[in-house]
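Below: one structure, written as structure tokens.
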Amino acid sequence: MSLSRDAAPGAIPRFFIRRVFRIYPLAMCVVIAAFLFRIPTKAWGTVLWVPIGTKQLLSNLLLIQNFTHVPSVLSQLWSLPLEVDMYVVLPVIFLAVNRNTRGFVVAFLLWVGACSTIILFYRATGHLRIEFVPCFLAGALAFRLRETTRIFSPWLCRFAYQRD
């Protein structure tokens, strides 16, 4: 919805800038603190600090652990690389479902394609590295449906959008 509210030229670069400043500063502070103060990776189980190498530190600072296949410095940071990936593809999906008159069909086909890809990828490798893609695409589908379908009463829709 943030992309649909900002229709002025340069909306996509502004979207990326806002996301970068929302995620990276605090994540970098947490990673650096975990490195400097030797904070254990997990708060439960074994409470030993595991030395952090340069590759792991840089991957965590850039939030690309899912590409470099290194563990997160803190286990609570597991979702941030996936969130960054989601923000990279979100404008493309927004443009596909928003500018197309058949945006619902595009969003639905993307969702079916993502589910199929996950099933094939899992059968081939036994790993799920993209398991959250259908959840994300379901959000794009719901975004498009919100404009074309009125399932709930107008009062309920108005109340839901005010809480945004």
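The values are calculated or read from the model by the stated rules, or taken from the named source; none is laboratory data. Remember, it's a predicted structure, so these values are computed and weren't measured experimentally. Using ideal geometry, Cβ is built from the backbone for each residue, glycine included, and neighbour counts are taken over all protein chains shown. Side chains are part of the model used for accessible areas, which takes the heavy atoms of the whole protein and leaves out ligands, DNA and RNA. Shrake-Rupley method; radii C 1.70, N 1.55, O 1.52, S 1.80 Å.
Could you pull out the chymotrypsin sites (Phe, Trp or Tyr not before Pro) across the stretch 1-91 that fall in loop regions by DSSP (anything but H, G, I, E, B) with no more than 10 other Cβ atoms inside 10 Å?
On the way: sites: 15, 16, 21, 35, 37, 44, 49, 67, 78, 87; in loops: 37, 44, 49, 78.
Hits after loop and neighbour filter: 37, 44.
Quick check for you: with a 1.4 Å probe and neighbouring chains kept, what is the accessible area per residue of the stretch 1-95, in Å²? Intermediate values should be presented prior to the final figure.
Values: 5910 Å² over 95 residues.
In whole numbers, the stretch 1-95 has 62 Å² accessible per residue.
Tell me, what is the FRET efficiency for residue 92 and residue 29 to the nearest 0.05, using R0 = 35 angstrom and their Cβ-Cβ distance as r? Before the final figure, lay out the partial values.
Numbers: r = 30 Å, r/R0 = 0.86.
With R0 = 35 Å, the Cβ-Cβ based efficiency is 0.70.
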